[in-house]
Amino acid sequence: MGNSLMGNNISHYNQVDRFSGVTEASPHRLVLMLLEGAISKIAIVKGLMIRKDVAKKGELIGQTIAIVGGLRSSLNKEAGGEIATNLDNLYEYIEHRLLTSNLQNDVTILDEVSKLLHEIKAGWESIPAEMKNSSSTTLSVAS
């Protein structure tokens with residue numbers, strides 16, 4: 001029972017730590033956190049597919065689709081222009097590919113999606129520091 005209590009305390013601490021990180025993060029950092037979360041879940045799903053854990057695989061793919069949907073819904077197409085429109089199309093494609101991967105149990109599709117998300121993440125990471133905390137429309141792809 002002591003181990004269970006310790007595990008619950010650690011789990012609670014991790015939840016509070018994640019919540020604190022989210023509430024204190026800039027919009028730029030939040031996008032990176034979402035991308036990191038989606039990439040991490042895809043890695044887990046790959047293992048679940050290999051182990052044929054259908055229920056958990058479906059649950060995590062659903063969570064990943066929700067993350068990508070959140071990224072997509074946060075796009076400011078008016079201020080972000082063509083970049084935001086292109087990201088919207090890419091996020092839609094990623095959502096579709098995740099569904100296909102789930103239905104076909106296809107790890108290669110997960111690899112494709114992971115690569116796309118890594119490329120988007122690299123783009124966000126390459127934004128100059130002075131623009132990351134700026135409220136100007138040049139960074140208004142997500143708002």
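The values are calculated or read from the model by the stated rules, or taken from the named source; none is laboratory data. Computed from a predicted structure; not experimentally measured. All Cβ positions, even for glycine, are placed from backbone atoms using ideal geometry, and neighbour counts span all protein chains on display.
Kindly indicate whether any position in the stretch 79-92 is at pLDDT below 90 and surrounded by 10 or more Cβ atoms within 10 Å (Cβ to Cβ).
Yes, there is a match, as at least one residue in the stretch 79-92 is at pLDDT below 90 and surrounded by 10 or more Cβ atoms within 10 Å (Cβ to Cβ).
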Answer yes if at least one residue in the stretch 64-75 is touching a Pro at 6+ places or on another chain (Cβ under 9 Å) and over 14 Å from Asn105 (Cα atoms), and no otherwise. yes
Glu130 being modelled with pLDDT of 95 or more and not basic (Lys, Arg): no
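Every residue, every condition in (1) under 22 Å from Met131 (Cβ atoms); (2) among the hydrophobic types (A, V, I, L, M, F, W, C); (3) part of a helix (DSSP H, G or I), yes or no:
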site: Leu34; (1), (2), (3): yes, yes, yes
site: Ile39; (1), (2), (3): no, yes, yes
site: Leu48; (1), (2), (3): no, yes, yes
site: Leu60; (1), (2), (3): no, yes, yes
site: Gln63; (1), (2), (3): no, no, yes
site: Ala79; (1), (2), (3): yes, yes, yes
site: Tyr91; (1), (2), (3): yes, no, yes
site: Ile94; (1), (2), (3): no, yes, yes
